[in-house]
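So the structure is just underneath, and the comments pick up after that.
The values are calculated or read from the model by the stated rules, or taken from the named source; none is laboratory data. Just so you know, these numbers come straight off a predicted model, no measurement behind them. Don't worry about glycine lacking a Cβ; one is built from the backbone with ideal geometry, like all the others, and counts go over all protein chains shown. Each accessible area value is taken on the protein alone, full model and side chains, heavy atoms only, with ligands, DNA and RNA left out. Shrake-Rupley method; radii C 1.70, N 1.55, O 1.52, S 1.80 Å.
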Amino acid sequence: MHFDLKYGKSTLPLEIDDTQILDVIHPGNQPPLEDTSSAVERVLRNPLGTAALETLIRKRSPERLVIVVNDITRPTPYSVLMPPLLRTIEDAGTPRENITLITATGIHSPHTPEENLQAYGKDLVENYRIICHDAEDEANLVHKGRLPSGYDFLLNRTVDEADFLITIGVVMPHFFAGYSGGRKSILPGVSGKSTVQLNHARMVELMDDLPPIRENPISLEMIQAARMAKVDFILNAVSNDDGEVINVYAGDLEEAWYAAVEKSEELYITKIPELADITVVSASGFPRDINIYQAQKALDHADKATRRGGTIILLAECSGAYGDEVFENFMKKGLSPEGIMQEVRENFVMGGHKAYCFAKVAAEKQVILVSSASEQVTSSLFAEKAESPREALERALRRHGKNAAIRIMPEGGVTVPSLVS
């Protein structure tokens, strides 16, 4: 069987004898919307849990309408979401000079002008005010009180001063928050670094046994933060790995988002009958393999599909290397996987959580990385470097034997295996 596996903005070939393949798992196959723009217009007129967006805006007459948008690491179909949204806002009487788009970078680096163009397109960049959240800029953070776990909620000042707040997102599985989108636009999207860090610190308690989404304490605290930020309206999409929109949801922060979660679960959660000896996983190409930090999600998904003692072959170009300085520093400390996990548990910092995730997999499985990363960088990840998928697979087969059960995950960044009990 021949595979062309996504790698950066291209693909890498792999040939495998059919008899060696346990299975090939993909996200669910659902048809995309035929007319996404009309679907967006429809949900803006008939949202879940709120009045129509135009009605809400006319009633409020906002002078500072803020739209929270994703950064470049979260592929979002702005070309179909934004025109109907902005048209509705302006038809409701809010001029574009009253509209600000703020990039929910979380703790990621701010966008460059080139990244703004790549993410949002020329029309948005030239015609609307776009600013980037900076989680460490204390002058632009506002203290909103304490979240249920007892820590301070610091929120971007521009978001706090909005008199109408809209968030845009894409709802996909997330390795410890359950799903992206909805409340994640606020926490971590436009929150202070310390708030993000304390929220995410709880992941070490949950990763081995992630609770249902409506019981996930990290997600529930994110919802509380979004309520405290006074989100008025959300517009979220569920897209497949090719960026085609499967459905759109709008309205109340929880009602619309939970509806999107149900659709996302149908699309991305894939049942598997058994664990594989070897899993070959593509991180789904650019931008999901832009750096090691982002490619970790595919590693986590492959971990769920592979037996203890097995081998994961991860294809991720990682042109941006580690992608986070704290994560990089953790991986360069020379600690064992167990040592990293212990340190992160005792002294949680953002970036360290990705180190924890790599260490957790490496403590139980062999990882072979096909990427542009150097031997030194690859070794710091507790992985072996291979120049091609074929080389990596031959190495894994020498370890496990020619009769090893091989699972292929061509869209591993967005395919979440779930073992049938």
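Could you go through segment 30-50 and let me know if any residue there is polar (S, T, N, Q), touching a residue at least 12 places away in the same chain (Cβ under 8 Å) and closer than 18 Å to D252 by Cβ. I'd like the intermediate steps shown before the answer.
Residues of segment 30-50 that are polar (S, T, N, Q), as a first pass: 30, 36-38, 46, 50.
Narrowing further to those that are touching a residue at least 12 places away in the same chain (Cβ under 8 Å): 30, 36-37, 50.
With closer than 18 Å to D252 by Cβ added as a condition, the list becomes 50.
Yes, the conditions are met somewhere in segment 30-50.
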Among (1) of a type in the set (G, A, S); (2) open to solvent by less than 60 Å² (accessible area, probe 1.4 Å); (3) free of Cβ contacts under 8 Å to residues at least 40 places away in the same chain, A392 falls short only on (3)
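Of these, E317, E325, which one is touching a residue at least 12 places away in the same chain (Cβ under 8 Å) and either in contact with a His (Cβ under 6 Å, 6 or more places away or on another chain) or surrounded by fewer than 16 Cβ atoms within 10 Å (Cβ to Cβ) (or both)?
Details: E317 fails: either in contact with a His (Cβ under 6 Å, 6 or more places away or on another chain) or surrounded by fewer than 16 Cβ atoms within 10 Å (Cβ to Cβ) (or both).
The conditions single out E325.
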Residue hits (segment 294-314; without any contact (Cβ under 8 Å) to a residue 60 or more places away in the chain and of a type in the set (G, A, S)) are G309
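Can you say whether S379 is modelled with pLDDT of 95 or more and either within 20 Å of D324 (Cα to Cα) or not in a helix (DSSP H, G or I) (or both), as far as the supplied structure shows?
Details: modelled with pLDDT of 95 or more: yes; either within 20 Å of D324 (Cα to Cα) or not in a helix (DSSP H, G or I) (or both): yes.
In short, yes.
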Just one of the numbered conditions (1) part of a helix (DSSP H, G or I); (2) in contact with an Asp or Glu (Cβ under 8 Å, 6 or more places away or on another chain) is not true of H353; which one? (2)
Scan segment 121-148 residue by residue and report those that are open to solvent by 60 Å² or more (accessible area, probe 1.4 Å), farther than 16 Å from I99 by Cα and over 22 Å from the mean Cα position of the chain (by Cα). K122, E138, A139, N140, H143, K144, R146, P148
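Check segment 322-344 and report whether any residue there is of a type in the set (K, R) and not in a helix (DSSP H, G or I).
Going through segment 322-344, the residues of a type in the set (K, R) turn out to be 332-333.
Okay, now just the ones that are also not in a helix (DSSP H, G or I), so 332-333.
Within segment 322-344, one or more residues are of a type in the set (K, R) and not in a helix (DSSP H, G or I).
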